[in-house]
Structure formats: structure tokens, C-alpha cells
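Worksheet: one structure, shown below.
The values are calculated or read from the model by the stated rules, or taken from the named source; none is laboratory data. Note that this is a predicted model, so its numbers are computed, not measured. Here Cβ is always computed from backbone atoms with ideal geometry, including for glycine, and neighbour counts include all displayed protein chains.
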Amino acid sequence: MSRVFTGFAMAAMAMGAIGQASAADWPTGPDTFFRPAYPADMAPMEDSLDFEAGLRYFYGVGGQRTSIGPLDYSADDGSHFVELHGRIDDHSTSTYVQGNIGYAAIIDGDYETPTSGGPQSTDSGTIAYGGADFGYLPLKGEGFSAGGFIGYQYLNESLDIGRGEYYTSSGGGDSAANLLEVHGLRLGITGRAEFNDVFDIRVDAAAIPYAALNGTYGAFDIGTTPAGGQGSAADITGHLWGGALEAMVGFKPHENFAIRGGLRGYYLTGPTETYFEMRDADGGNEQGYILEGETELFRWGPVIELTGTF
């Protein structure tokens, strides 16, 4: 019996030795079925993306100053905007993208034109904005980052400031509403500081070296004479320039929620050209004219933001 037990024990030891040798020689490359276990202390890869999205309220005090030839137009308003915004930060590349879109839900303004007979109040029209920036933050420290960005800015400053009348080819009168749209290039610098993961400060300062203004200046009215009068709405185009600034201070009562408040504003100015047509009293002999002028647009005011982060 002891010989049988001894034989089994020697066989088991031999098999164990063979198994160890085989395991040592077993291929462990990426294409093999069996792979070595990962170290127990290996940490999972950190997610490099941060997302923000939220809602803002902006009280924008705006103004327009436009000259068309010898005629001067002015308007001022205080409008209440609702805005959606979002931002994505990629920490692996130190870049970010952000965007926003806002619309004036309530408009309260006044205007004066050569034919208005003095200041007039207005609460209608379309005032809206939107834009997107791509930024790079090469300067980073403890709770601090700074860099630059390039972006696109859209503005719609179509406050209703009255409608000028013009003749049509059929002899009847017609008019058009104001439509002033701006498409601009933003080049800027940005900085952000965080304190104890509870407070933060953000500042964006942008130059707007070029902004294309185009649309219809519906308030334009050059008048009529016994020989005829204005025969079309006035189309306005221009090349504007200026700048924009936004500064926000934030408080995070929770790691996934932020409340921010601050100020923002922009200013644009530049030369314009206004094209319109004239007709004879019988509606014929249509002829186009261009008047040179200048336009000034600005808006500024406080901003309140509620943002979720994830």
C-alpha cells in the first residue's frame, strides 16, 4: 500500500513541475487567448471631458445710431433676454468649445427718425444673438488657466422704429420692417480662476475686427415730390468693427451645480451703404441710388446664470 501511495505522490509532483514549466513558456502576447492579469493597483483612466449647460437671464441696454446721407436715426431700448448656453472642456488637449443663443422676450424702447415727429415708444421687433467660440488654454496653474479663442458672433438688432412708405410698380404704397443682422469674427483672450472648488471667476475679452452688417432699413423714407418718390425698401450693408467683454463670478453650492452673475457688453461701429430706388409719379423710370452713412450698435447689462456641470 505504501508503494502505491508513494507512486501517486511522485506522479503528482512531476505533473506540477511540468505544469509550472509549461505556464512559464505559454505565450502571453496580445493575440493569445490567455492574458496576464492587470495590476491590482492600476487606477481607471480619468475622463478628460467636462460638460456645462444651463440657462441665463440678460438685461440688455441697447442702442442704435444710424446716418443715411443727410438723415439721422436713433433708438434705445432695455430688453429682457432668455439665453441657453453650453460648454465642453477637453483637459487632455487644453481646449474648449462654448456657445450660446439668446432672444429678447420683452422689449421696451424708444426711437426718433426724420419722419417720426419726435421721440416715439416701441415694444416690438426682433432682438436676438448667438455665437460659438473655440479656445486653447496653454497657461495653467493651481486653480488657474488662461489662453485665447476664436469665434463667431451673430446679432439681430431689428428693433421696430417705424416703416417708411414707398411706391410699387403698380402705383400702390408699401413698406418694410427693420431687419439688421450682423455676422462677426471674434478674436480674444480668456482667463479662469477657481477657489476651493466653490468659487470661480471667468473673463472673456474679444476684439471684433470684422463684422458684416446687412438687411433692410425699413424706417428709411426719403419722401416724395410731384415728380415721383421712393420706389423700394432700402437695403443696407456695412463693415463694422469693435469689441466685446464678459466677466462672471460663480458660486458652487454643489459640485454639479453653479450660480453665476456678472456683466457683458459689446460695441460696433463702421461705414454703411444704403441702396434704394426712385420712380416717376406714374410708377416708371425706376432708378437706383446709394447713400453712404455710418452705423453704431451697442448693448450691455447684467447677466445671471444657472448651470449644471457633469
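If I filter the stretch 275-310 down to residues being in contact with a strand residue (DSSP E or B) (Cβ under 8 Å, 6 or more places away or on another chain) and of a type in the set (Gly, Ala, Ser), which single residue comes out as surrounded by the most Cβ atoms within 10 Å (Cβ to Cβ)?
My answer is GLY293.
Taking the stretch 172-189 only, how many residues are more than 22 Å from the chain's Cα centre (by Cα) and in a strand (DSSP E or B)?
Of the residues in that region, 2 qualify.
Can you find, within the stretch 186-211, the residue that is surrounded by the most Cβ atoms within 10 Å (Cβ to Cβ) among those that are closer than 18 Å to ARG299 by Cβ and hydrophobic (A, V, I, L, M, F, W, C)?
That would be ALA206.
Which residues, taken from the stretch 276-295, are assigned to a strand (DSSP E or B), charged (D, E, K, R) and either within 21 Å of the chain's Cα centre (by Cα) or within 21 Å of GLY223 (Cβ to Cβ) (or both)?
Matches in the stretch 276-295: GLU277, ARG279, ASP280, GLU292.
Kindly establish whether GLY162 is farther than 26 Å from THR269 by Cβ and not hydrophobic (A, V, I, L, M, F, W, C).
In short, no.
Among the listed residues GLU112, GLU142, GLU181, identify the single one that is surrounded by fewer than 18 Cβ atoms within 10 Å (Cβ to Cβ), without any contact (Cβ under 8 Å) to a residue 60 or more places away in the chain, of a type outside the set (Phe, Trp, Tyr) and within 23 Å of ASP47 (Cβ to Cβ).
The unique qualifying residue is GLU142.
If a residue must be in contact with a Phe, Trp or Tyr (Cβ under 9 Å, 6 or more places away or on another chain), assigned to a strand (DSSP E or B) and at pLDDT 95 or above, how many such residues does the stretch 213-245 contain?
10
Among the residues in the stretch 262-275, are any of a type in the set (S, T, N, Q), touching a Ser or Thr at 6+ places or on another chain (Cβ under 6 Å) and not in a strand (DSSP E or B)?
no
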